[in-house]
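Asks: Would you mind keeping the following structure in view while I ask a few things?
The values are calculated or read from the model by the stated rules, or taken from the named source; none is laboratory data. Predicted, not measured: the structure shown is a model, and the values here were computed from it. Positions of Cβ are backbone-derived with ideal geometry, glycine not excepted, and every protein chain shown enters the neighbour counts. With ligands, DNA and RNA removed, areas are computed over all heavy atoms of the protein, side chains included. Shrake-Rupley method; radii C 1.70, N 1.55, O 1.52, S 1.80 Å.
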Amino acid sequence: MNTCYIGIDKNQAMQRIKQFIRGFLYNTGLLTAYHRMINGSTLTVVLFHRVLPQSHKLWSYADQNWTVSTDFFKQCIQFFKKHYHVVSIEDIHQAFRGTRPLPKRALLITFDDGWLDNLQYADPILKEENVRALMFVTTGALGRKILNWQEALFDSYQRGLFDSSWIECLENKSKVKLNQVNNFNDVYQMISKLQTCSEEIINNVRVEILDLYNKLIEERQMLNFDELKNLSQFDIGTHGLEHEPLTKRKNANFESLEARNLLAAFLNNGTIKSLSFPHGRLSDQLIMFLWSNHYDYLFCGERTINVFNEKQQKILLGRYNIEQSMYSKNNKLICDSLAKDLFIQPRINLSSRYRMP
């Protein structure tokens, strides 16, 4: 039989048992005590992308995998402050230069892409909670209506604007046969198929889609250069030029340096030393090139609690993306669930896999 004698599916019963145990360990303080004991000399890095009020008109169009509500975001910040010492990239820089050590259970908050809502909604919450974050900006997307061609497809479909003319246009540009789009998963499959194309074709597809999108949509969703200066609680790093995987770009080295140079010139900041890899794609060759060209702090998507030797001059750090759907019920943070995932991740020195330049 597939059900227990009480009429509950075995998987559901096991899930409830796990939830009970997790809640018991957190609510009694045992999980927190374990965290304080085992994660003292570590750095946890968390990742967000978009922050919007659920009442905002863009909420229903935004990709929920990468978007959290303002209420949920504030609850996360308060959770971090309760269980960690929230640090800035400058604190990390000072620690690795031997000026002052990181505090126990350090945590760094990061954002990818450079969405306008980060200024409108995330920045005020960070200021209210008196913490800083690190924003990795896709330089080529500054001033655009949307981040990239993939997001333009998602957004257009969500708004009900995606029709057969888009498919015809994409097939003409890519020479790839595409299926009709009937649901959100079909959009993912279409993008996955297009991403196998050459860099030249991807560049053509990007231009065509963004042109189509610009004709249909009025509001701008990305920060512009001037608005970067209005961010009070964010330090700035780079996230590439076009949000394409650097491992697939012929001129990846040039793009990674150009992205930084453009930001540094405009912000009059010659100390941008951090980069997060677009799509989390990296390679040994890229890491060594970036470390050799004054990118000291590289961030990837590997879910780890970071351990390191503070004498290291170059570091690679894993991050944990915070998805609201995983840690929220009725727009309330499920603290025991987030604690379990953050406190008990593998503790790894990712930098040790590579020889320091």
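Asks: Of all residues in the range 114-135, count the ones that are under 28 Å from Glu218 (Cβ atoms), surrounded by fewer than 23 Cβ atoms within 10 Å (Cβ to Cβ) and touching a residue at least 60 places away in the same chain (Cβ under 8 Å).
Replies: The qualifying residues number 6.
Asks: Conditions first: (1) at pLDDT 95 or above; (2) closer than 23 Å to Ser256 by Cα; (3) open to solvent by 20 Å² or more (accessible area, probe 1.4 Å). Arg220 passes all but one, so which condition is the exception?
Replies: (2)
Asks: Here is a further query. Give me a count of the residues in the range 264-292 that are farther than 30 Å from Ser192 by Cβ and either touching a residue at least 60 places away in the same chain (Cβ under 8 Å) or in contact with a Lys or Arg (Cβ under 9 Å, 6 or more places away or on another chain) (or both).
Replies: Residues meeting the conditions: 6.
Asks: Among (1) at pLDDT below 95; (2) β-branched (Val, Ile, Thr); (3) touching a helix residue (DSSP H, G or I) at 6+ places or on another chain (Cβ under 8 Å); (4) closer than 26 Å to Cys300 by Cα, there is one condition Val176 misses while meeting the rest; what is its number?
Replies: Tallying (1) at pLDDT below 95; (2) β-branched (Val, Ile, Thr); (3) touching a helix residue (DSSP H, G or I) at 6+ places or on another chain (Cβ under 8 Å); (4) closer than 26 Å to Cys300 by Cα, Val176 fails exactly one: (4).
Asks: Can you tell which of Tyr34, Tyr26 is touching a helix residue (DSSP H, G or I) at 6+ places or on another chain (Cβ under 6 Å) and open to solvent by 10 Å² or more (accessible area, probe 1.4 Å)?
Replies: Going through Tyr34, Tyr26 in turn, just one is touching a helix residue (DSSP H, G or I) at 6+ places or on another chain (Cβ under 6 Å) and open to solvent by 10 Å² or more (accessible area, probe 1.4 Å): Tyr26.
Asks: Of all residues in the range 253-306, count the ones that are open to solvent by less than 40 Å² (accessible area, probe 1.4 Å) and within 20 Å of Arg353 (Cβ to Cβ).
Replies: The qualifying residues number 20.
Asks: Also: Identify, from the list Ile272, Ile287, the residue that is β-branched (Val, Ile, Thr), closer than 25 Å to Phe254 by Cα and in a helix (DSSP H, G or I).
Replies: Among Ile272, Ile287, only Ile287 is β-branched (Val, Ile, Thr), closer than 25 Å to Phe254 by Cα and in a helix (DSSP H, G or I).
Asks: Which ones in the range 307-335 are in a strand (DSSP E or B) and either within 17 Å of the chain's Cα centre (by Cα) or over 26 Å from Ile77 (Cα atoms) (or both)?
Replies: Leu316, Leu317, Tyr320, Asn321 - these are the residues of the range 307-335 that are in a strand (DSSP E or B) and either within 17 Å of the chain's Cα centre (by Cα) or over 26 Å from Ile77 (Cα atoms) (or both).
Asks: What is the number of the single condition among (1) in contact with a helix residue (DSSP H, G or I) (Cβ under 8 Å, 6 or more places away or on another chain); (2) among the aromatic types (Phe, Trp, Tyr); (3) at pLDDT below 95 that Phe254 does not meet?
Replies: The single condition Phe254 does not satisfy is (1).
Asks: Looking at the range 336-357 only, could you name the residues that are among the β-branched types (Val, Ile, Thr) and not in a loop (DSSP other than H, G, I, E, B)?
Replies: We begin by selecting, within the range 336-357, every residue among the β-branched types (Val, Ile, Thr); these are 344, 348.
Once the filter is applied, which keeps residues that are among the β-branched types (Val, Ile, Thr) and not in a loop (DSSP other than H, G, I, E, B), the range 336-357 yields only Ile348.
Asks: Here is a follow-up. Which residues, counting only those in the range 310-345, are closer than 22 Å to Thr32 by Cα and open to solvent by 70 Å² or more (accessible area, probe 1.4 Å)?
Replies: Met326, Lys329, Lys332, Lys340, Ile344
Yes or no, residue by residue, for (1) open to solvent by 30 Å² or more (accessible area, probe 1.4 Å); (2) closer than 26 Å to Leu134 by Cα; (3) modelled with pLDDT of 95 or more; (4) in a loop (DSSP other than H, G, I, E, B):
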residue: Arg22; (1), (2), (3), (4): yes, no, no, no
residue: Ser41; (1), (2), (3), (4): yes, yes, no, yes
residue: Thr44; (1), (2), (3), (4): no, yes, yes, no
residue: His56; (1), (2), (3), (4): yes, yes, yes, yes
residue: Tyr61; (1), (2), (3), (4): yes, yes, no, yes
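Asks: Based on this model, can you work out whether Ile209 counts as buried (at least 20 other Cβ atoms within 10 Å of the Cβ), at pLDDT below 95, among the aliphatic types (A, V, I, L, M) and touching a helix residue (DSSP H, G or I) at 6+ places or on another chain (Cβ under 7 Å)?
Replies: Criteria met by Ile209.
Asks: Follow-up question, since we're still on this one. So which residues in the range 75-97 are open to solvent by 50 Å² or more (accessible area, probe 1.4 Å) and within 18 Å of Tyr295 (Cα to Cα), if there are any at all?
Replies: First, the residues of the range 75-97 that are open to solvent by 50 Å² or more (accessible area, probe 1.4 Å): 78, 81-82, 85, 90, 97.
The answer is Glu90, Arg97.
Asks: Which fully enclosed helices (runs of 4 or more DSSP H) of the range 144-205 have 3 or more residues being open to solvent by less than 10 Å² (accessible area, probe 1.4 Å) and touching a residue at least 60 places away in the same chain (Cβ under 8 Å)?
Replies: In the range 144-205, 149-158 are the helices (runs of 4 or more DSSP H) which contain 3 or more residues that are open to solvent by less than 10 Å² (accessible area, probe 1.4 Å) and touching a residue at least 60 places away in the same chain (Cβ under 8 Å).
Asks: When you go through (1) of a type outside the set (Phe, Trp, Tyr); (2) modelled with pLDDT of 90 or more; (3) under 22 Å from Leu25 (Cα atoms) one by one for Leu282, which number turns out not to apply?
Replies: Among (1) of a type outside the set (Phe, Trp, Tyr); (2) modelled with pLDDT of 90 or more; (3) under 22 Å from Leu25 (Cα atoms), Leu282 violates only (3).
Asks: Please go through the range 98-119 and pick out each residue that is assigned to a loop (DSSP other than H, G, I, E, B) and among the small types (Gly, Ala, Ser).
Replies: Answer for the range 98-119, where residues must be assigned to a loop (DSSP other than H, G, I, E, B) and among the small types (Gly, Ala, Ser): Gly98, Gly114.
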